[in-house]
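Asks: The structure under discussion is supplied below as structure tokens; questions concerning it will follow.
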């Protein structure tokens, strides 16, 4: 790696490798060089009219150490290069997959030399930072803490689980979101406008397909566009079939913003409720391949776990909420395993609507008759409270419901809640309520 990777201009070169820019992949040739060219990530950067703190820091050439966490193709490397370019800094780039402590020491030594010789700052971009072990991460601490290098780590994993807390405390953590279909489409159209695709004609429906089916990965979409154009040749029209082959994905009839969004989640719910794991998995696969939001899917799983299973299998809610935690911790694509596990469990679990019917009956009663005041013995300043712990079996005779509600039954276990029914009958006998 050369000592000076930037020229005297404002922008970084396209690559630190000896590959001529014209021979680089389309995703590299089209890499945004300024914040104005970057698409997506408005939650981190805002807009030129309403910039965030991060955008202002980058625009003013005041970089700080950070860890960029996000899915592939969301712009982590691009943002790192823009940070370095705006700061007029030397840019060092390593992948933690191949680099070790020796390579890191080399980066630090070169950074120290630049600082002493020219007062030039160094931005050190470390891709896949989660692959570094504790000793390797610790080797970075002094240089980061002293400001010798501005560290920008990139990872697809949750950094709070994979990066040392000592190093994280010296960095800001920014989560990049997968790019939206409209963001990717804008990049694809930019490539065509710049004549980067062998002068081929690409219909709008093909661009829509590539943008929607790339899974939020701009690199994947641009690579597929380049491959389709090169295969077709100059002057050809890119067909849907050619785009499918280039992307290695079939076009799905799934519109996550339209009626199919509701049709497929409805089908998933009904298949799971019907205890058909194969049908439920099929609908789950269609939605995932169609770009459905994993958070939306897992929310439906949590709801179904109580609404359709309830106390027939209380573990179902545990499985569903664990899947929700997995979605937040690891994200797509890895969280599909947790979504599959939860779908299978929910489909095979015994079903009961008792919990849903019970709260519905209670709400209906309150709406019809109003809210009765709790009796004095159970209010916050209880008068005459008789604790059930003072009675055999921890069951006391004292009434805890309002007078107007005594004897009203909201919860009635169904046939799939045999244990709950037996326990309820035992409790009612013990309290003299049989």
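Asks: Using only Cα atoms, find the angle between the long axis of helix 101-118 and the longest principal axis of the chain, and express it within 0 to 90 degrees, rounded to the nearest 10.
Replies: So the inclination is approximately 60 degrees.
Asks: Take the Cα of residue 141, step 7 Å along the line toward its Cβ, and report every residue of the range 66-102 whose backbone nitrogen sits under 20 Å from that point.
Replies: So the set is 66-67, 100-102.
Asks: Running a GNM on the chain with Cα contacts under 10 Å, which residue among 173, 366, 107 ends up with the highest mean-square fluctuation?
Replies: Comparing 173, 366, 107 in a Gaussian network model of the chain, the most mobile one is 366.
Asks: Further question on the same structure: Give me Rg over Rh for the range 21-175, both radii from the alpha carbons and Rh done the Kirkwood way, two decimal places.
Replies: We get a ratio of 0.95 for the range 21-175.
Asks: Quick one: helix 418-430 against the long Cα principal axis of the chain, what's the angle to the nearest 10°, folded into 0 to 90?
Replies: 40
Asks: Please determine, in degrees from 0 to 90 and to the nearest 10, the orientation of helix 294-304 with respect to the longest principal axis defined by the Cα atoms of the chain, where the helix direction is its Cα long axis.
Replies: 10
Asks: For Cα pairs less than 8 Å apart in space and 6+ apart in sequence, what is the mean separation divided by the residue count of the range 259-348, i.e. the relative contact order in percent?
Replies: 37
Asks: How big is the equivalent ellipsoid of the chain along its three axes, where each semi-axis is √(5λ) from the Cα gyration tensor, reported in whole Å from largest to smallest?
Replies: That gives 55, 31, 18 Å for the three semi-axes.
Asks: Could I ask something else about it? Give the span of the range 259-348's Cα atoms along each principal axis, as three whole-Å numbers ordered largest to smallest.
Replies: That works out to 33, 28, 19 Å along the principal axes.
Asks: Please state the relative contact order of the chain as a whole percent: Cα pairs under 8 Å, 6+ residues apart?
Replies: Relative contact order here is 11 percent.
Asks: Hey, another quick one. In Å³ and rounded to a whole number, note down the convex hull volume per residue for the Cα atoms of the range 187-239.
Replies: Once divided by residue count, the hull of the range 187-239 is 62 Å³.
Asks: Cβ neighbours within 10 Å, averaged per peptide: list 73-85, 320-332 in order, most packed at the top.
Replies: Highest-to-lowest ranking by the protection proxy: 73-85, 320-332.
Asks: Considering only the chain, what is the antiparallel percent among its DSSP beta bridges, to the nearest 5?
Replies: Taking every DSSP beta bridge within the chain, about 5 percent pair in antiparallel fashion.
Asks: When DSSP assigns beta bridges and you keep just the ones with both residues in the range 21-175, what percent turn out antiparallel, to the nearest 5?
Replies: Of all bridge pairs located within the range 21-175, approximately 5 percent are antiparallel.
Asks: At what distance in angstrom do the alpha carbon centres of the range 303-321 and the range 380-406 lie from each other?
Replies: Using only Cα atoms to place each centre, the spacing works out to 30 Å.
Asks: Given a cut-off of under 8 Å on Cα pairs at least six residues apart, what relative contact order in percent is computed for the range 22-153?
Replies: Once divided by the residue count of the range 22-153, the mean separation gives 25 percent.
Asks: Here is a further query. Counting only helical runs of four or more DSSP H residues, what would the 222 nm mean residue ellipticity of the chain come to if each run contributes -39,500 (n - 2.57) and the total is spread over all its residues?
Replies: After summing the helix terms and dividing by residue count, I get -14000 deg cm²/dmol.
Asks: Further question: Along the Cα→Cβ direction, 7 angstrom out, place labels at residue 423 and residue 364. What is the inter-label distance in nm?
Replies: It works out to 2.6 nm between the two label points.
Asks: Taking the Cα centroid of the range 50-93 and of the range 123-138, what is the distance between the two, rounded to the nearest whole Å?
Replies: 17
Asks: A further question follows. Could you give the nm distance between label points at residue 36 and residue 88, where each point is 7 Å from its Cα heading toward the beta carbon?
Replies: 1.9
Asks: Which distance in nm do the two modelled labels at residue 56 and residue 160 give, with both placed 7 Å along the Cα-to-Cβ direction?
Replies: Taking the simple label geometry, residue 56 and residue 160 are separated by 2.6 nm.
The numbers here are math on the coordinates, done by the rules we state, and not lab data. Keep in mind that what you see is a predicted model, and the values were worked out from it rather than measured. Note that we place each Cβ from the backbone using ideal geometry, even for glycine, and neighbour counts take in every protein chain shown.
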